[in-house]
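One structure below.
The values are calculated or read from the model by the stated rules, or taken from the named source; none is laboratory data. Since the model is a prediction, treat every value here as computed from it, not as a measurement. Using ideal geometry, Cβ is built from the backbone for each residue, glycine included, and neighbour counts are taken over all protein chains shown. All accessible areas refer to the heavy atoms of the entire protein, side chains included, with ligands and DNA or RNA removed. Shrake-Rupley method; radii C 1.70, N 1.55, O 1.52, S 1.80 Å.
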Amino acid sequence: MAMADDQVRLNIKGMHCAACAARAEQALAHVEGVAEAVVNLGDETATVRFAAGAVPTERLIAAVQDAGYEASLPETTTDDERLAEREQESRRQWRLFLFGAVCSVPLMVLTMWPVAGSLTLPLLFLLATPVQVLLGWQFYRNSWRALAHGAANMDVLIALGSTAAYLLSAYNSFRFGLDEHEHALYYDSAAMILTLITLGRFLEARARGRASDAVRKLLQLAPREAAVLRDGEEARLPIEQIVVGDLILIRPGEKLPVDGVVESGDSTVDESMLTGESLPVDKHPGDEVIGGTINQSGSLRFRATRVGQDTVLQEIVRLVQQAQATKPPIQRLADRIAAVFVPTIIAIALLTFLGWLLVGRADYVRALINAVSVLVIACPCALGLATPTAVMVGTGLGAEHGILIREAAALEAVGALHTVVFDKTGTLTKGEPALTELVTLRGRGVGAADGDPAEAQLLALAAAVEYASEHPLGQAVVRAAEERGLDLPEVTDFEALIGQGVRGTLRGGEQAPTLQDGAEVLVGTAALMAARGVDAAPAAAEAQRLQGEGKTVLHVAAGGNLLGLLAVADTLKENAAAAVRSLQEMGLSVALLTGDNARTAQAIADQLRLTQVLAEVLPDQKAARVRELQAQGQRVAMVGDGINDAPALAQAEVGIALGTGTDIAIEAGDITLVSGDPLAVVRAIRLSRLTLRHIKQNLGFAFGYNVAAIPLAVVGVLNPMIAAAAMAMSSVSVVSNSLRLRRARL
């Protein structure tokens, strides 16, 4: 299905089971112009996609209301208000449960050990009736709404089961009395059904609240206000009033309110809550900062560049909510079953009643009680919560580790992967050249033949010439000299020789005391040396060795003599080798895909111990290489930077885009990693596998529970009280199993 142009997210109240969610989803899907509607029972929301301007929001809300539920836009209810409403509902269910327990326990005692007959009947009736009215009211109300709109949900089953047990007991009490039909009184069963299910709803509400904590925690990362400098005056303003271009002052320990660029100050910033990186990041003038991160050691002044809904934090929140609003394919079977579940259970209960009367030759009381057990034991709630709660917890946990899952379908696709294909530059490597090795020719006028001094002087001389160069290789040499704190000699008459290197004229100095003032300094290829009459033969063997390792070799000469070699290469990221090894230990094949020449690619592959190398592949050919792997029966994940690799990311079963800081290519892949750490790929795959495993466990438990429990109820093994307790705890167990994901170590 093509992506619709517009998307609306609705809050929905009144859903209690999978049948409710299916009913609301069906109502939205039938609105003319709607391309897709997904209802999430776990966080009580609906996401609706439709052609731009095709469907007014009011029609969508009306459709939900016509189905018997309440709908509203998120803008009309803040997250804090929704949290308060859920807590209020949770407290209400707890109070109802306490009331039910206070009445139900004496009911059970009086049923097992009755006192004088004339006193027992009134007590049983007086204890059971308030429970039936007060606790049963919510089930009656929801049942009426569902039935009035031509549907049946879990509340219908509960209302039917508890009411049947209560009315049977009341009928027998007033017609026959206790002495004759003591066995036909089921007040305790009716009351315990409602009490235990109310307890289950209380526990379920609390667990579901914890499952949706991730988005709330993300939203709470941003501070409420910040110090803004306007017209030279500092003022504390709510973040809603901050605009692009504002100058913001952040002191140590404060959270950054919005995204921006540092104008003055030096500090370290803890970005772990967004990127998953444990180490703080140094920030200096010109560096980008992200809203929601924590300033640590120094004060910063930064200029706001993204505010409100445009910040990285808000983009992450939207992506998490989008993922939570989607369904993996594994959920489809549960959806189909949920759509017909309640009518099917009612039919089974009716057949149970008739079967016990006609085939089992039981009296109507035994037949009715067994039918009530069937009604109560059935649990579409667990089916409805099995997938969304696991997806909510998994995507939330991922967001806390800088792993943004775009669609729940990616979770299932990851579970079937065979091969992970990595782009090289910027993914496994740092994406910029760095000096890796220096080779000096001793006795050539560079300095003493004792190693380090000669290397330092060689590097200082080369950096002095490259200082004016804009070429990435030259800048790598300059950075290396600056990192070592070297003083550079003066060089004039700089000239860039296209395709060969650079030259300049030395003006003497302490850094090169043995070279004559005015000597020509050359940094570049062997061809440049030959063209300028410099003999490069003494370093030919070393140059060939370095080139064989995939490095770019720069020859350095002065005064007509070769002084040494500099090796520059795009080096591996710190955790690249560990990431590849971990993926292989997980049973996955790992391949390297790059546009570099085969020699450079093989050198990187050798460092990573990779045997599958796809080199000299142009950007427009990368998708074709992924298709070739797929044609061999491989299910492929492509890992790239999300821009040049976009076609390959889209072609793969799972596209994993690596971003850094504010440069997040969210549209490029199914999974986006905020940090550029290759180990984040391992964590993303591990998270996806764990989430899928919990979904399968939940669905297996929900299906297995019903497959085992319903036949037991049909044959009369389970009484209504045990059935109610089991039904109530099944949903709690499914949600609790999903919550175990929060403790997972990625």
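Worth pointing out:
- The one condition in (1) touching a Pro at 6+ places or on another chain (Cβ under 9 Å); (2) open to solvent by less than 20 Å² (accessible area, probe 1.4 Å); (3) under 18 Å from E432 (Cα atoms) that A567 fails to fulfil: (1)
- In the stretch 394-420, the residue that is modelled with the lowest pLDDT out of those that are among the aliphatic types (A, V, I, L, M), in a helix (DSSP H, G or I) and farther than 12 Å from V654 by Cβ is A399.
- Residue that is nearest to A21 (Cα to Cα) [pool: residues in the stretch 137-164 that are among the small types (G, A, S) and touching an Asp or Glu at 6+ places or on another chain (Cβ under 9 Å)]: A146
- Restricting attention to the stretch 730-746 and to residues that are in a helix (DSSP H, G or I) and among the charged types (D, E, K, R), the residue that is most open to solvent (accessible area, probe 1.4 Å) turns out to be R743.
- Scope the stretch 49-61; condition open to solvent by 40 Å² or more (accessible area, probe 1.4 Å) and within 25 Å of A19 (Cβ to Cβ); matching residues: R59
- Output for the stretch 502-546, where each listed residue is touching a helix residue (DSSP H, G or I) at 6+ places or on another chain (Cβ under 7 Å) and either of a type in the set (S, T, N, Q) or modelled with pLDDT under 85 (or both): Q511, A512
- Selection of the stretch 1-26 for residues being touching a Gly at 6+ places or on another chain (Cβ under 9 Å) and either of a type in the set (D, E) or within 19 Å of R336 (Cβ to Cβ) (or both) yields D5, D6, M15, C17, A18, A19, C20, A21, A22, R23, A24.
- The strands (runs of 3 or more DSSP E) found wholly in the stretch 519-618 and carrying at least 2 residues that are out of contact with any Ser or Thr (no Cβ under 6 Å at 6 or more places or on another chain) and within 27 Å of V502 (Cα to Cα) occupy 520-524, 552-558, 561-572.
- Criterion: within 21 Å of the chain's Cα centre (by Cα) and not acidic (D, E) - qualifying residue of A18, A46, A27: A46
- Residue match in the stretch 708-729 (condition: open to solvent by less than 30 Å² (accessible area, probe 1.4 Å) and at positive phi): yes
- Within the span defined as the stretch 623-644, every residue fails to be in a helix (DSSP H, G or I), at pLDDT below 75 and open to solvent by less than 80 Å² (accessible area, probe 1.4 Å).
- Total residues in the stretch 16-36 satisfying the condition of being modelled with pLDDT of 80 or more, buried (at least 24 other Cβ atoms within 10 Å of the Cβ) and not in a helix (DSSP H, G or I): the figure is 0.
So that you can scan it fast, the table gives a plain yes or no per residue for (1) of a type in the set (D, E); (2) at pLDDT 80 or above; (3) more than 43 Å from the chain's Cα centre (by Cα); (4) on the phi < 0 side of the Ramachandran plot:
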site: P74; (1), (2), (3), (4): no, no, no, yes
site: T78; (1), (2), (3), (4): no, no, no, yes
site: A84; (1), (2), (3), (4): no, no, no, yes
site: L126; (1), (2), (3), (4): no, yes, yes, yes
site: T129; (1), (2), (3), (4): no, yes, yes, yes
site: W144; (1), (2), (3), (4): no, yes, no, yes
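- Near pairs, Cβ below 8 angstrom, 6+ apart or cross-chain, from the stretch 364-380 (of a type in the set (S, T, Y)) to any residue that is crowded, with 24+ Cβ neighbours inside 10 Å and modelled with pLDDT of 85 or more: S373/A713
- Condition broken by N597, with the remaining ones in (1) over 19 Å from the mean Cα position of the chain (by Cα); (2) modelled with pLDDT of 85 or more; (3) open to solvent by 60 Å² or more (accessible area, probe 1.4 Å) satisfied: (2)
- Contacts under 7 angstrom Cβ, first residue in the stretch 504-532 being among the hydroxyl-bearing types (S, T, Y), partner outside any loop (DSSP other than H, G, I, E, B) and modelled with pLDDT of 80 or more, 6 or more apart: T505/V491; T505/T492; T505/D493; T505/E520; T525/G501; T525/H555
- Of all residues in the stretch 465-497 being more than 16 Å from R507 (Cβ to Cβ), touching a strand residue (DSSP E or B) at 6+ places or on another chain (Cβ under 6 Å) and not in a helix (DSSP H, G or I), the one that is least open to solvent (accessible area, probe 1.4 Å): S469
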